[in-house]
Amino acid sequence: MLRTSEVVRYLSDLLRIKEFKDFTSNGLQVEGAETVKKVGFAVDACLSTFEALQDCQIICVHHGLIWPSWDRVQGVNRKRLKFLLDHNINLFVSHLPLDRHPQLGNNAQILSNLGWEKTGEFGEVGWLCDLEKPISLAEAEQKLVALFPRRLVDFWHGSPEIKRIGVCSGGGGGEYLHQAIKDHVDLYITGETTYSMAHDSVEYGLNIACVGHYASETFGVKALQAEVEAQFAIETAFFDNPTGL
């Protein structure tokens, strides 16, 4: 019988969770069953995720329960925690470590699925890609629309030729916009942006593609699912629960 501690140890080492200074608690956030028959995967630790994956002994998510804003167990926090405890489910969280992982991470996987290879680091968790041959902005947009058919908000205000790409999944925000300027990026791909970035992109002449926070962070979770399934020869399940954001 596969022990929970074995899976947790493997994931913690694989994702190097101790190396990251994060604003959430990575690793095992909620303790449950000591043995595992099935592992569930999802982007968000919410009640709908827990209900859909309640036959799993471990649920692995990107967005966990415990954030700096959580200082008491009441409301939705109480309901979520109670469900996990009542069903003896372990909750394993990998936030920034899953964004950053060089093979399984959200940003590495986005580049890979676009047919591009990472060539350098982009901020704390993102990756850069320097193309051997430049492509047109129209070609880049075509690739993005194919990979993110549900949502693509674009701010095409820069070069019509794309040579260097920066990717930061989720809420890249203003910090990564300025990182993109510093790194001379032609196309910045992120999940969602701040209001001011719409104006900033015009004045900086930067092409920005906002592909959706949720959509940009399914890649790492799915890659991790495949890794766990192969490593432990165990049944897994992915719960797709898009927010529209």
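I'd like to check something: does segment 78-87 contain any residue that is touching a Gly at 6+ places or on another chain (Cβ under 7 Å) and not aromatic (Phe, Trp, Tyr)? Reasoning before the result, please.
Of the residues in segment 78-87, the ones touching a Gly at 6+ places or on another chain (Cβ under 7 Å) are 84.
Filter again for not aromatic (Phe, Trp, Tyr), leaving 84.
Yes, segment 78-87 has at least one match.
Every residue, every condition in (1) surrounded by 13 or more Cβ atoms within 10 Å (Cβ to Cβ); (2) of a type in the set (A, V, I, L, M, F, W, C); (3) farther than 18 Å from GLY220 by Cβ, yes or no:
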{"residue": "LEU2", "(1), (2), (3)": "yes, yes, yes"}
{"residue": "VAL7", "(1), (2), (3)": "yes, yes, no"}
{"residue": "TYR10", "(1), (2), (3)": "yes, no, no"}
{"residue": "ASP13", "(1), (2), (3)": "no, no, no"}
{"residue": "ILE17", "(1), (2), (3)": "yes, yes, no"}
{"residue": "GLU34", "(1), (2), (3)": "no, no, yes"}
{"residue": "LYS38", "(1), (2), (3)": "yes, no, yes"}
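In this structure, does ASP22 turn out to be surrounded by 13 or more Cβ atoms within 10 Å (Cβ to Cβ), of a type in the set (Asp, Glu) and assigned to a loop (DSSP other than H, G, I, E, B)?
Numbers: surrounded by 13 or more Cβ atoms within 10 Å (Cβ to Cβ): yes; of a type in the set (Asp, Glu): yes; assigned to a loop (DSSP other than H, G, I, E, B): yes.
Spelling it out, ASP22 is indeed surrounded by 13 or more Cβ atoms within 10 Å (Cβ to Cβ), of a type in the set (Asp, Glu) and assigned to a loop (DSSP other than H, G, I, E, B).
Listed residues LEU96, LEU85, LEU104, LEU91; which is modelled with pLDDT of 95 or more, touching a strand residue (DSSP E or B) at 6+ places or on another chain (Cβ under 8 Å) and closer than 26 Å to GLY191 by Cα?
Working: LEU96 fails: touching a strand residue (DSSP E or B) at 6+ places or on another chain (Cβ under 8 Å); LEU85 fails: closer than 26 Å to GLY191 by Cα; LEU104 fails: touching a strand residue (DSSP E or B) at 6+ places or on another chain (Cβ under 8 Å).
Sole residue among the options that is modelled with pLDDT of 95 or more, touching a strand residue (DSSP E or B) at 6+ places or on another chain (Cβ under 8 Å) and closer than 26 Å to GLY191 by Cα: LEU91.
The values are calculated or read from the model by the stated rules, or taken from the named source; none is laboratory data. Bear in mind the structure is a predicted one, so any value in this text is a computation, not a measurement. Virtual Cβ from ideal backbone geometry, glycine too; neighbours counted across all protein chains shown.
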